[in-house]
Amino acid sequence: MAESELVDVVVVGLGVGGEEVAGRLAEAGLTVVGIERDLVGGECPYWGCIPSKMMIRAANALAEARRVNELAGSAEVRLDWAPVAKRIREEATDTWDDRVAVDRFTGRGGRFVRGSGRLDGPNRVRVGDQVFEARYGVVLGTGTRPSVPPIDGLADTPYWTNHQAIEVEELPASLLVLGGGAIGLELAQVFARFGVRVTVVEAADRVLAVEEPEASEIVAGALRADGVEIHTGVKAERVAHDGTSFTVHAGDRAFSGEKLLVVTGRRAHLEELGLDSVGIDCTQRYLPVNGRMHAADGIWAVGDLTGEGAFTHIAMYQAGIVVADVLDHIRRLKGGPDASGTASVVGGAAGVVSAVGGAMSTGGSTVAPGSVPVADYRALPRVTFTDPEVGAVGLTEQQARARGINVQVGCTDLTSSTRGWIHKAGNAGLIKLVADADHGVLIGATSVGPAGGEVLSALVVAVHAAVPVSQLRHMIYAYPTFHRAIEDALRNLK
Ligand SMILES: Cc1cc2nc3c(=O)[nH]c(=O)nc-3n(C[C@H](O)[C@H](O)[C@H](O)COP(=O)(O)OP(=O)(O)OC[C@H]3O[C@@H](n4cnc5c(N)ncnc54)[C@H](O)[C@@H]3O)c2cc1C
């Protein structure tokens, strides 16, 4: 057995969540080893949120320029992907090099180890020939990878995942997109706006199937207006690649494209983490955690791995809880006040249980001893950055009804609001509210529109803080904003 080195905490996977936890614990004065096998920062900065939103920003600039013809004379648009690819390469990813991120982590006091980490018994992590013994615990933040469906022939083809789609320097003439969820639709619209012939193939009976059907319909309409072909209810059965193009077969139908982008969901790979060495079932889809992110004694998990929502803001939110809980755990080991067992959710997204005593710095925030937030996902916001954007929070109407809640729904069309009417070109959208009639509060909301993700923020506050609908009705909404349509939707609640 290799000789182990004793440290305070080991963090495996330095994506959004892991890097935040490791950095803040190191800043708090702990000896922290952070292990990353690929790029420090994870999916979001290199192949996810940031580069995809740079692509969307560019594609939306083209769409706005094309709207000049309807609103302000005429504009001739000439497409060029080169500045987009250059921006992603140079500004977002340093050509997929994480030196800056590694320095950022070591600058906070962490010790960086490049490699694949796996548990090797309680409190032990092995990475290559090295073994670390964690005095206080291990944090897993290993994220997810694209889940590629077992479609006949697919595995043998040079299909794209989000990685190749983000890294592309020269656009193909045509693109097949397998999967009509948020990532598939965002990328489909970008490529279509840059002149690629895009076909989306989705197995469900509508795109963006996890959101409200009204939102799906508006987004499908917007993408079709951009020239995207959308086929729903299509179960791909076989994929073929003849060297120059892909064909997806489904029954007697066939769809083809020069490239094939597979965006059918993501999967955690628990089998790689040595979880069986600590008695955790590694055949699960995700690693379940409690409200304080505990997966087992001395093991915390953070981010996509937990299956609570694949969003950077979830990973960051959970990271704050892990940091507070690890520090609380250490305090208790050292005989400090014990807040465990009394944890409860107070006033929304991260309830706080307070105890007495001196404060401990966690780098950027201060956590009083015994103060440990407990995760609460009631007001989890999500935004699909298509044009129009789809912002959503809490439950959809269907989810609320399935829970037996006495539901009221209020909807309004953005085009009939003053701001929507003024906006004209590109004004498709809606506000849909889902209320719990018995308690008089909103439990879900959707905001589709040119600024759907920004308008959402008011609705997130309403759901998070359980603001009574009667109070929301008596608020003053600035005229003529997009968010003023919330007032109309409230009036329509029934
Ligand atoms: C195209 C795309 C667009 C997206 N857009 C958005 C958006 O607009 N907004 C949003 O909120 N979210 C978005 N997301 C989701 C967001 O990127 C993820 O939710 C976020 O990156 C999750 O962070 P994480 O720390 O859980 O995991 P990751 O970022 O996946 O990081 C996990 C890290 O662990 C490493 N790792 C794995 N196993 C090991 C091991 N055994 N040893 C060592 N290291 C290991 C991996 O190499 C990786 O670096 C997008 C995702 C994609 C793919």
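Which three semi-axes in whole Å describe the equivalent ellipsoid of the stretch 168-215, each the square root of 5 times a Cα gyration tensor eigenvalue, listed largest first?
So the three semi-axes of the stretch 168-215 are 22, 10, 8 Å.
Give me, ordered by chain and number, the residues 5 or more places off Arg267 or on other chains with an amide H under 5 Å from its own placed amide H.
For Arg267, the qualifying residues are Arg145, Ser147.
Please state, rounded to one decimal and in Å, the Kirkwood hydrodynamic radius that the chain gives when every pair of distinct Cα atoms enters the mean of 1/r.
In the chain this quantity evaluates to 24.4 Å.
Please sort through the DSSP H helices of the chain and keep those with an alpha-carbon extent of at least 30 Å along the long axis and a Kyte-Doolittle average not below 0.0.
In the chain, the long hydrophobic H runs are 49-71, 312-333.
Using only the heavy atoms of the protein chains and a 1.4 Å probe, how would Phe482, Phe112 rank by accessible area, largest first?
Phe112, Phe482
Of the cross-linked pairs Lys259/Lys424; Lys53/Lys235; Lys235/Lys259, which ones have a Cα-Cα span greater than 24 Å in the structure shown?
In this structure, Lys259/Lys424; Lys53/Lys235 exceed 24 Å between Cα atoms.
Work out how much length Asn406 to His231 would gain on full extension: take 0.36 nm times their residue separation and subtract the Cα-Cα distance, in nm to one decimal.
Length gained, Asn406 through His231: 59.5 nm.
Is it possible to state the helix-based mean residue ellipticity at 222 nm for the chain, with each DSSP H run of 4+ residues giving -39500 (n - 2.57), the sum divided by total residues, to the nearest 500 deg cm²/dmol? What is it?
Mean residue ellipticity at 222 nm (helix-derived): -8500 deg cm²/dmol.
If I compute solvent accessible area with a 1.4 Å probe over the protein chains, what percent of it on the chain is carbon and sulfur?
51
How do the peptides 58-67, 118-127, 81-90 rank, highest first, by the average count of neighbouring beta carbon atoms within 10 Å per residue?
118-127, 58-67, 81-90
Just to confirm a number: summing +1 for Lys and Arg and -1 for Asp and Glu over residues other than Leu14 whose beta-carbon lies under 12 angstrom from that of Leu14, what do you get?
-1
Cα centroid distance between the stretch 383-456 and the stretch 179-197, in Å?
Taking the Cα centre of each part, the stretch 383-456 and the stretch 179-197 sit 23 Å apart.
Pairs of alpha-carbon atoms within less than 8 angstrom and 6+ residues apart define the contacts here; what relative contact order does the chain have, in percent?
Once divided by the residue count of the chain, the mean separation gives 13 percent.
Ordered by packing density, taken as the mean number of other Cβ atoms within 10 Å over each peptide's residues, highest first, how do 292-301, 372-381 rank?
So the order, starting with the most tightly packed, is 292-301, 372-381.
What is the spin-label model distance, in nm, from Asp103 to Val77 if the labels are put 7 Å beyond Cα along the C-beta direction?
3.8
What whole-number volume per residue, in cubic angstrom, does the convex hull of the C-alpha atoms of the stretch 128-231 give?
It is 179 Å³ per residue.
Please compute the length gained on full extension between Ala209 and Ala65, using 0.36 nm multiplied by the number of residues separating them and subtracting their Cα-Cα distance.
Residue separation times 0.36 nm, minus the Cα-Cα distance, leaves 48.8 nm.
Can you work out the Karplus-derived ³J(HN,Hα) for every residue in the stretch 479-490? Use 6.51 cos²θ - 1.76 cosθ + 1.60 with θ = phi - 60°, whole Hz, and x for glycine or proline.
Karplus-based 3J(HN,Hα) across the stretch 479-490 equals 9, x, 9, 5, 5, 5, 5, 4, 4, 5, 5, 5 Hz.
Could you sort Glu272, Glu27, Glu389 by their accessible area in this structure, using a 1.4 Å probe and putting the largest first?
Glu27, Glu272, Glu389
If you keep only loop residues by DSSP, which GluC sites (Glu not before Pro) in the stretch 126-228 have at most 10 other Cβ atoms within 10 Å of their Cβ?
Glu170
For the stretch 156-314, with the dipole built from +1 on Lys and Arg beta-carbon atoms and -1 on Asp and Glu ones, taken about the Cα centre, which of Ala225, Ala209, His241 lies farthest toward the positive end?
Ala225
With the other protein chains left in place, how much accessible area per residue, in square angstrom, belongs to the chain at a 1.4 angstrom probe?
It amounts to 43 Å² per residue over the chain.
Quick one: which of 246-259, 146-159 comes out on top by average Cβ neighbours within 10 Å, and what's the full order, highest first?
Sorting 246-259, 146-159 by mean packing, highest first, produces 246-259, 146-159.
Using a 1.4 angstrom probe on the protein heavy atoms only, could you order Cys282, Cys44 from most to least accessible area?
So, going from the largest accessible area down, we get Cys282, Cys44.
Could you run the Karplus curve 6.51 cos²θ - 1.76 cosθ + 1.60 with θ = phi - 60° over the stretch 259-271 and give me ³J(HN,Hα) per residue in whole Hz, x for Gly and Pro?
10, 10, 9, 9, 9, 10, x, 9, 9, 7, 10, 5, 5
Using amide H atoms built in the peptide plane, which far-off residues or other-chain residues are under 5 Å from Trp300 H to H?
Val138, Val139, Leu140, Ala295
In the neighborhood of Met55, defined by Cβ-to-Cβ distances under 11 Å, what is the net charge if each Lys or Arg adds +1 and each Asp or Glu adds -1?
Summing Lys/Arg as +1 and Asp/Glu as -1 gives +3.
Hey, what do the phi angles of the stretch 427-442 turn into as Karplus ³J(HN,Hα) couplings, whole Hz, using 6.51/-1.76/1.60 and θ = phi - 60°, x for Gly and Pro?
9, 4, x, 7, 10, 10, 10, 10, 10, 8, 5, 5, 9, x, 9, 7
The values are calculated or read from the model by the stated rules, or taken from the named source; none is laboratory data. Just so you know, these numbers come straight off a predicted model, no measurement behind them. Neighbour counts are summed over all protein chains in view; Cβ atoms, including those assigned to glycine, are modelled from backbone coordinates with ideal geometry. When the accessible area is computed, the model is the full protein with side chains, heavy atoms only, and any ligands, DNA or RNA have been set aside. Shrake-Rupley method; radii C 1.70, N 1.55, O 1.52, S 1.80 Å.
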